[in-house]
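Have a look at the structure below, then the notes.
The values are calculated or read from the model by the stated rules, or taken from the named source; none is laboratory data. Computed from a predicted model, the values in this text were never measured in an experiment. So basically every Cβ, Gly included, is an ideal-geometry build from the backbone, and we count neighbours across all protein chains shown. SASA here: full protein model, heavy atoms, side chains in, ligands and nucleic acids out. Shrake-Rupley method; radii C 1.70, N 1.55, O 1.52, S 1.80 Å.
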Amino acid sequence: MSLTKQYPGKPEKVYFFGTCLIDLLYPQAGLAGMQLIRREGVQVIFPQDQTCCGQPAWNAGYREQAEAVVLNQIRCFPEEYPVVVPSGSCAGMLRNQYPELFRDKPEAQQVERFSKRIFELTEFLVHVLKIELKDLGQPTKVALHASCSARREMDVAGEHEALLQQLENVQLVEQVRKAECCGFGGTFAVKHPDISAAMVADKAQAITDTGADQLVSGDCGCLMNITGHMEHQGVGPKGQHIASFLWERTHDPKS
Amino acid sequence: MTQKAEFDQRVKQALDNPQLRRNFRVTMDGLMEKRDKAFPDKAFLEELRTIGANIRANALARQPELLEQLEANCTRNGIQVHWAETIEQANRIVLDIMERHHATRMIKGKSMVSEEMQMNHFLEAKGKSCVESDLGEYIIQLDNEAPSHIIAPAIHKSKQEVARLFKAKHPDIPYSEDIDTLTRSARQILRRKFHDAEIGLSGVNFAVAETGTLCLVENEGNGRLCTTVPPVHIAVTGIEKVVEKLADVPPLLKLLTRSATGQHITTYFNMISSPRKPGERDGPKEVHLVLLDNQRSRIYGDSELFDSLRCIRCGACMNHCPVYTRIGGHAYGPPIPGPIGSVIEPQKFGLENFGVLATASTLCGACGEACPVRIPLPKLLHRLRYEQVREDRTGATIGQGSQRSGKEALIWKLWSWIHATPLVYRSATRLASLFRNRIPNRIGPWSQVRTTPRIAPKSLHQLAREEGFKHE
């Protein structure tokens, strides 16, 4: 965990950026993220006009097509509240790539101001909300896959771990080559399916070898890739977004 | 065949070869571990990387003036300096030197620039023999192959393959799979070649402008033999290898050897500052320096792509690249493989020929994290993706826009419209949720190794509304 980052105090309200992958495929992960924040006494606003961070087009080289999408997102979060994102990859796009994309454009300043308000979910829970989790679940072994963007671009792999380590009954097990990419890479998996398949096979094997009951990740792209492969092969633990995992283990359904 | 189809074919060949994949996996794991151990103090590593990056950035910022200074100082030292704008010119310069000396036999040290020039093929076509003296290079030359790694060129071969190759090419040598025995055999064969060669050729790791000194890093001693035994030594290098002063060399050398092989120092570090002087007992009578541009000035002209020229050729980016580890160096195509190759080679040889390499990365960032001189490799790969599909062709990259396809551009336009128009997006996701069971569960190559993700019955947009989260 980086010690040089500076974080604001606990705000009254935050915006939540759900990401398109979560919106369509893993909505429970997004909901869990919002519930975790709400439970800490912070009002969560989910702007209905948000769609996608624009990363797919940006990474494919279609910068002009990404721009239009980006400007639509920025419009959705007009107030100065923090914007919390349950994905290292999308958070990296919103925080680091937006200013790149608009570097020499008239909107540069506006975009930079917006980007400074971006927080990845686990970093927000740890550093801003200073959340304390009480584990209500059964003992379990968990393997963590921190996405490359969470690990390198956002530097929040440590925050993922810190949250899981707060859970009394969770044993965190380490896979070999834990920092190696799972082979998703957005359009990479489609453009270079053979290389991607070789990479995900190794990653799935490394995770299966840990004997974990569960795979947890802060990014649904990686989960879709890795658990998709493990399900296809019929081996390996089930995967879950870290927000869903944390919420399920710390939430008493009767309360 | 398109460059993509050719690349896919080479990738498939590599992926289908279990021996090759094992070789790369084991070696790259070993190299990563060695580098990690060579930098036990991570704060020191980061500090050294910053120093290295600054030295290289400074040298590049002042490159034109440093090159002039290098030329003046080399000339003063008695080294003859030649400028080559193109590969053809560089090859011609080497050939001319050989012909002036009526030379037919060249002994070579390791040089990636000579690979870039395809110098061996050029000279061989002119009736000259060029023998590689670096053990790895020698092995692949026997098999008529190109290097698969810039530091360890024959890393794709197992010792059994090398043993069989030696036996086939040198039938008089007894068959052995023992590495020391194989090395000894190669050494014996090469001794005679060193002795007979009229020309020795080497690369350059750092060319020091301040003193006109050519620095050469190596482990086998063959480099020193190439630059001292034959009467004429030719050094070939790209113009970006110039550094300002001698004091810049130690930090760069520290970074280079530790990043490459985890060594604190190499067995040999040669500093060549002149030909043999009167009264000296050894050394070449003539030293030539060939400075190759081959699009480097063009790269130099772009304020972002410029950073690609900072490279010190340590290979750490390939050692840490999950894609390189899977497919190996030959699959890439051009002389320099891996992330830095994917950045530099399309710029040198055109996006229309090698642009596909920029897409063959997950942008995982491992290369940028490993680079000892902090080249922002993912950012540069990203930029090249843009260069090859951009519509307006106002930039300077060769082959700009060459990979833009009408169909793909249309898909992104449609994608952009959907995601920039909230009402359209919401209707589209609602439809997708409604008809989620009608969506085919096989989607191309994705579902060959993965189950297809299922669309959720309710989107997060819907759930958030139902759970009482405010919209604004």
Qualifying residue in the range B:170-185 (condition: open to solvent by less than 10 Å² (accessible area, probe 1.4 Å), in the same structural domain as B:Leu70 (by the TED database) and either touching a residue at least 12 places away in the same chain (Cβ under 8 Å) or acidic (Asp, Glu) (or both)): no
In the range B:231-273, the residues that are within 21 Å of B:Val287 (Cα to Cα) and basic (Lys, Arg): B:Lys241, B:Lys245
Whichever residue in the range B:434-446 is at the interface with chain A (Cβ under 8 Å from one of its Cβ atoms) and not hydrophobic (A, V, I, L, M, F, W, C) and, among such residues, is surrounded by the fewest Cβ atoms within 10 Å (Cβ to Cβ): B:Gly444
Residue satisfying all of: in the range A:24-42; facing another protein chain (nearest Cβ under 7 Å) and surrounded by fewer than 24 Cβ atoms within 10 Å (Cβ to Cβ); nearest to B:Trp417 (Cα to Cα) among these: A:Leu24
Whichever residue in the range B:277-296 is out of contact with any helix residue (DSSP H, G or I) (no Cβ under 9 Å at 6 or more places or on another chain) and at negative phi and, among such residues, is most open to solvent (accessible area, probe 1.4 Å): B:Arg281
Condition met for B:Glu145 (of a type outside the set (A, V, I, L, M), in contact (Cβ under 8 Å) with a residue 24 or more places away in the chain, open to solvent by 30 Å² or more (accessible area, probe 1.4 Å) and not in a helix (DSSP H, G or I)): yes
Residue within the range A:178-194 that is more than 30 Å from A:Cys76 (Cβ to Cβ), in contact with a Leu (Cβ under 6 Å, 6 or more places away or on another chain) and within 11 Å of another protein chain (Cβ to nearest Cβ) present: yes
Output for the range B:186-222, where each listed residue is open to solvent by 40 Å² or more (accessible area, probe 1.4 Å) and in contact with a Phe, Trp or Tyr (Cβ under 7 Å, 6 or more places away or on another chain): B:Asn219
Within the range B:391-412, considering residues that are more than 21 Å from B:Asp307 (Cα to Cα) and outside any helix (DSSP H, G or I), the one modelled with the lowest pLDDT: B:Arg393
B:Arg224, sole failed condition from (1) assigned to a loop (DSSP other than H, G, I, E, B); (2) out of contact with any His (no Cβ under 9 Å at 6 or more places or on another chain): (1)
First in the range A:236-247 and over 19 Å from A:Leu36 (Cβ atoms) and touching a residue at least 12 places away in the same chain (Cβ under 8 Å), second anywhere and among the β-branched types (Val, Ile, Thr) and surrounded by fewer than 24 Cβ atoms within 10 Å (Cβ to Cβ), Cβ under 6 Å, 6 or more apart: A:Gly236/A:Thr208
Where a residue in the range B:283-301 is under 15 Å from B:Lys348 (Cα atoms) and its partner, wherever it lies, is open to solvent by 10 Å² or more (accessible area, probe 1.4 Å) and at pLDDT below 95, with Cβ under 6 Å and at least six apart: B:Arg298/B:Ala396; B:Gly301/B:Ala396
Long-range neighbours under 8 Å by Cβ, at least six apart or interchain, first residue exposed (fewer than 15 other Cβ atoms within 10 Å of the Cβ) within the range A:85-114, second at pLDDT below 95: none
Members of the range B:79-98 that are under 22 Å from B:Ser133 (Cβ atoms) and free of Cβ contacts under 8 Å to residues at least 24 places away in the same chain: none
Scope the range B:415-430; condition at the interface with chain A (Cβ under 9 Å from one of its Cβ atoms) and open to solvent by 60 Å² or more (accessible area, probe 1.4 Å); matching residues: B:Trp417, B:Leu423
Residues being under 16 Å from B:Ala152 (Cβ atoms) and either open to solvent by 10 Å² or more (accessible area, probe 1.4 Å) or of a type in the set (Gly, Ala, Ser) (or both) - total across the range B:337-354: 2
Entirely in the range B:39-138, the helices (runs of 4 or more DSSP H) that have 2 or more residues that are within 20 Å of the chain's Cα centre (by Cα) and within 22 Å of B:Ala247 (Cα to Cα): B:42-61
Tabulated pairs, the range B:430-454, first under 16 Å from A:Gln233 (Cβ atoms), second of a type in the set (Val, Ile, Thr) and exposed (fewer than 13 other Cβ atoms within 10 Å of the Cβ), C-beta under 8 angstrom, 6+ apart or interchain: none
Of all residues making up the range A:209-224, the number that are buried (at least 18 other Cβ atoms within 10 Å of the Cβ) and more than 7 Å from chain B (Cβ to nearest Cβ): 11
Selection count where residues are within 8 Å of chain B (Cβ to nearest Cβ) and buried (at least 24 other Cβ atoms within 10 Å of the Cβ), scope the range A:66-76: 2
Condition check for A:Lys141: more than 14 Å from chain B (Cβ to nearest Cβ), open to solvent by 10 Å² or more (accessible area, probe 1.4 Å) and assigned to a loop (DSSP other than H, G, I, E, B): no
Subset of the range B:447-472 that is within 19 Å of A:Tyr15 (Cα to Cα), open to solvent by 40 Å² or more (accessible area, probe 1.4 Å) and facing another protein chain (nearest Cβ under 7 Å) - its residue that is modelled with the highest pLDDT: B:Glu467
